[in-house]
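The values are calculated or read from the model by the stated rules, or taken from the named source; none is laboratory data. Remember, it's a predicted structure, so these values are computed and weren't measured experimentally. Glycine also receives a Cβ, built like all others from the backbone with ideal geometry; neighbour counts cover every protein chain displayed. The area values use the complete protein model at the heavy-atom level, side chains included, leaving out ligands, DNA and RNA. Shrake-Rupley method; radii C 1.70, N 1.55, O 1.52, S 1.80 Å.
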Amino acid sequence: MSNLLIICLTGMPGAGKSTVAACLQKKGMALIVMGDVIRSLALKSNLKLSDRNLGKLMLDLRKEKGKGAIAYPVLDQIKKMLKPNGKIKSIIVDGIRNIEEVEILKSFATVKVLAIHGSASTRFEHIKNRSREDAPVNLVRFKERDSRELKVGISKVIALADEAISNNEISLEELCKRSRKIVEAWIEV
């Protein structure tokens with residue numbers, strides 16, 4: 001096992017994981033986005049980047065290769081990042097969906113999990129405002145996506161997170177401040 005710290009961000013869609021990841025990346029931390037892994041695989045398969053297509057691809061990969069399937073290409077990316085620059089001490093992985101992914105990453109490095117919470121109404125507003133091609137277009141699709149995430153096992157990884165932040169009624173600056181404080185404490189240990 002390396003001296004690397006992998007900081008996994010988890011939370012329901014729209015909770016603020018990507019915002020936290022961007023805040024941490026601005027402080028010089030390396031970042032891998034699990035959703036980008038799925039989007040890349042979809043493009044290689046000539047799939048449109050819709051919520052349904054990406055969700056189906058994610059579920060199919062997990063059915064075919066096991067619940068932690070998405071962690072393997074992430075681990076490959078981490079190894080590639082470490083080769084040219086042995087000075088990387090921590091990496092953010094945005095979008096952990098289940099405990100099996102955490103366990104796969106733990107086989108390679110120390111892992112800490114930060115859960116970002118948000119109410120359904122807060123999360124839906126965030127998703128509507130981010131203008132991503134795969135964002136659910138209405139409340140029905142949003143609830144379908146939540147249901148899919150829960151079936152994958154996200155509730156367990158959220159429940160077992162090392163730390164959690166509630167992203168309800170706080171400013172972007174406060175969310176960034178709280179996440180940096182937690183992560184900086186982990187890095188100093």
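Could you list, in sequence order, all residues of segment 31-50 that are assigned to a helix (DSSP H, G or I) and in contact with a Gly (Cβ under 8 Å, 6 or more places away or on another chain)? I'd like the intermediate steps shown before the answer.
Going residue by residue through segment 31-50, those that are assigned to a helix (DSSP H, G or I) are 34-44.
If the condition is that a residue be assigned to a helix (DSSP H, G or I) and in contact with a Gly (Cβ under 8 Å, 6 or more places away or on another chain), then Met34, Gly35 are the ones that fit.
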Checklist outcome for this item: Counting only residues that are small (Gly, Ala, Ser), more than 16 Å from Pro136 (Cα to Cα) and in a helix (DSSP H, G or I), segment 51-68 contains a total of 0
Checklist entry - Within segment 6-24, can you find the residues that are outside any strand (DSSP E or B) and among the aliphatic types (A, V, I, L, M)? => result Met12, Ala15, Val20, Ala21, Ala22, Leu24
Checklist outcome for this item: Among strands (runs of 3 or more DSSP E) completely within segment 74-189, the ones holding 2 or more residues that are of a type outside the set (S, T, N, Q) and more than 14 Å from the chain's Cα centre (by Cα) are 163-166
Item to check | Complete set of residues in segment 105-115 that are under 11 Å from Cys8 (Cβ atoms) and either buried (at least 18 other Cβ atoms within 10 Å of the Cβ) or among the aromatic types (Phe, Trp, Tyr) (or both) | outcome: Leu105, Val111, Lys112, Val113, Leu114, Ala115
Item to check | Candidate set from segment 45-87 (those that are polar (S, T, N, Q) and open to solvent by less than 90 Å² (accessible area, probe 1.4 Å)); member that is nearest to Ile99 (Cα to Cα) | outcome: Gln77
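Matching residues to (1) hydroxyl-bearing (Ser, Thr, Tyr); (2) in contact with a Phe, Trp or Tyr (Cβ under 7 Å, 6 or more places away or on another chain); (3) at positive phi; (4) in contact (Cβ under 8 Å) with a residue 24 or more places away in the chain:
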site	(1), (2), (3), (4)
Glu100	no, no, no, yes
Ala115	no, no, no, yes
Thr122	yes, no, no, yes
Arg130	no, no, no, yes
Leu139	no, yes, no, no
Checklist entry - If you scan segment 1-44, which residues turn out to be free of Cβ contacts under 8 Å to residues at least 12 places away in the same chain, in contact with a strand residue (DSSP E or B) (Cβ under 9 Å, 6 or more places away or on another chain) and open to solvent by 50 Å² or more (accessible area, probe 1.4 Å)? => result Asp36
Item to check | Selection count, segment 152-163, where residues are surrounded by fewer than 19 Cβ atoms within 10 Å (Cβ to Cβ) and in contact (Cβ under 8 Å) with a residue 60 or more places away in the chain | outcome: 2
